[in-house]
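*Asks:* Attaching a single structure in structure tokens format; questions to follow.
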Amino acid sequence: MQTRPYPSKSGRRLWLSRAEQQRLLDCVDEDYPRRRIALDLALTGLRSDEVRNVEPRHFERLDGGDDKWRLTVPDGKTGTRSTPVSRDLRERVKYLKSAARLRADEPIIDVSTRSLRDWIGEARDELADVLEDDRWHDLGMHDLRRTWATDTFYSLAFEGVPIAEELTMAWGGWAMTDSGRETFRRNYLGPVPDHVTASAMDHLPIS
């Protein structure tokens with residue numbers, strides 16, 4: 001976990017490692033599939049309002065993508081956009097749709113923003129106690145979006161994708177303007193993730 005203080009208020013911004021992201025998802029009991037899906041959607045870059053309104057029909061297979069999937073967000077803050085999603089997330093949504101007998105046009109999560117805050121609050125407090133790490137107490141839904149933005153950007157950039165920032169902003173729904181780019185860089189883009197640093201070290205004369 002990497003943290004930075006807020007520039008103008010108390011508290012800390014958090015960026016989770018990939019292992020910590022998985023630990024958070026695993027902390028959610030399988031008896032509550034909506035909670036896990038909600039946190040996974042936030043770790044896919046969705047805002048809280050967007051998480052609440054995802055429907056099964058919003059998932060679709062990429063053309064020629066060899067079982068790769070995307071999620072369309074039809075009513076995002078900056079309009080309609082699509083973002084890549086894991087096959088595991090799509091399968092969990094498919095299973096829940098069948099088990100709960102949801103319509104294709106029915107919201108999967110369909111709870112209040114307060115409920116989302118409660119869900120992540122229960123998970124973070126449990127992890128803080130189990131891991132004896134008080135930093136988890138600062139974790140909020142917005143930190144999951146920060147984590148996704150930072151991991152996505154640096155992963156693409158390290159692989160040499162020339163439009164890493166543009167792709168991340170497009171998938172995450174930041175406006176392609178000077179102010180949108182400033183918001184992305186100042187409030188979401190965080191320190192280089194550990195897995196990127198570890199991969200980069202393979203190219204350095206460090207034993």
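None of the figures in this text is laboratory data; all of them are computed from the coordinates on show. Bear in mind that the values here come from a model prediction, so they are computed numbers and not experimental data. As a convention, Cβ positions derive from the backbone with ideal geometry for all residues, glycine included, and neighbour counts pool all protein chains shown.
*Asks:* From the phi angles alone, apply the Karplus equation (6.51, -1.76, 1.60; θ = phi - 60°) to segment 100-108 and give each ³J(HN,Hα) in whole Hz, x where the residue is Gly or Pro.
*Replies:* 8, 6, 7, 6, 5, 9, 9, x, 6
*Asks:* I've got another one for you. Out of residues 5 or more away from Val73 or on other chains, whose amide H comes under 5 Å of its own, with H placed 1.01 Å from N in the peptide plane?
*Replies:* Distant-sequence amide H within range of Val73: Arg81, Ser82, Thr83.
*Asks:* Can you tell me which of 1-7, 15-21 comes out highest on packing, and rank the rest after it, using the mean Cβ neighbours within 10 Å?
*Replies:* So the order, starting with the most tightly packed, is 15-21, 1-7.
*Asks:* Under a GNM of the chain (C-alpha, springs under 10 Å), which listed residue has the highest mean-square fluctuation: Glu126, Glu50, Glu91?
*Replies:* In this elastic network of the chain, the residue with the biggest mean-square fluctuation among Glu126, Glu50, Glu91 is Glu91.
*Asks:* Another one. Between Asp105 and Ala170, how many nm apart are label points set 7 Å from Cα along the C-beta direction?
*Replies:* With each label point 7 Å from Cα toward Cβ, the separation is 2.9 nm.
*Asks:* Give me the extension gain from Asp63 to Asp129: residue separation times 0.36 nm, minus the current Cα-Cα distance, reported in nm with one decimal. Could you put the intermediate results ahead of the total?
*Replies:* Numbers: separation 66, 0.36 × 66 = 23.76 nm, distance 4.45 nm.
Between Asp63 and Asp129, full extension yields an extra 19.3 nm.
*Asks:* Suppose only helical runs count, i.e. DSSP H with n ≥ 4. What mean residue ellipticity at 222 nm does that imply for the chain under -39500 (n - 2.57) per run, divided by all residues and rounded to the nearest 500 deg cm²/dmol?
*Replies:* Details: 9 runs with 98 residues, N = 207.
Roughly -14500 deg cm²/dmol at 222 nm, from the helical runs in the chain.
*Asks:* Sorted from fewest to most neighbouring beta carbons within 10 Å, what does the list His203, His142 look like? Provide the component values of the computation, followed by the final result.
*Replies:* Details: His203 7, His142 16.
Fewest-to-most Cβ neighbours within 10 Å comes out as His203, His142.
*Asks:* Quantify how much of the Cα-Cα distance distribution of segment 1-113 extends past 20 Å, in percent.
*Replies:* Of all Cα-Cα distances in segment 1-113, 47 percent exceed 20 Å.
*Asks:* Tabulate in residue order the Karplus-calculated ³J(HN,Hα) for segment 77-94, using 6.51 cos²θ - 1.76 cosθ + 1.60 with θ = phi - 60°, rounded to whole Hz; enter x for Gly and Pro.
*Replies:* 4, 10, x, 6, 8, 10, 9, x, 9, 6, 5, 4, 5, 4, 5, 5, 5, 4
*Asks:* What are the ³J(HN,Hα) values, in whole Hz, obtained from phi via the Karplus relation 6.51 cos²θ - 1.76 cosθ + 1.60 with θ = phi - 60°, for each residue of segment 29-41 in sequence order, with x given for Gly and Pro?
*Replies:* So the J values, rounded to whole Hz, are 4, 5, 6, 10, x, 5, 5, 5, 4, 4, 5, 5, 5.
*Asks:* To the nearest 0.05, what FRET efficiency results for Ser115 and Ala200 with a Förster distance of 41 Å applied to their C-beta separation? Kindly include the intermediate steps, with their values, before the conclusion.
*Replies:* Numbers: r = 40 Å, r/R0 = 0.97.
That gives a FRET efficiency of 0.55.
*Asks:* May I ask you to sort Arg12, Arg36, Arg114 by Cβ crowding, counting other Cβ atoms within 10 Å and putting the fewest first?
*Replies:* Details: Arg12 15, Arg36 21, Arg114 9.
Going from sparsest to densest Cβ surroundings: Arg114, Arg12, Arg36.
*Asks:* What is the Cα radius of gyration of the chain over 2.2 N^0.38 Å, N being its residue count?
*Replies:* Details: Rg = 17.3 Å, N = 207, 2.2 N^0.38 = 16.7 Å.
Normalised Cα radius of gyration, the chain: 1.03.
*Asks:* For Ile109, list long-range residues whose amide hydrogen, built 1.01 Å from N in the peptide plane, is under 5 Å from its own amide hydrogen.
*Replies:* Val54
*Asks:* On to the next question. For segment 88-183, state the semi-axes of the equivalent ellipsoid (square roots of 5 times the eigenvalues of the alpha-carbon gyration tensor), sorted largest first and rounded to whole angstrom.
*Replies:* Working through the eigenvalues yields semi-axes of 28, 23, 15 Å.
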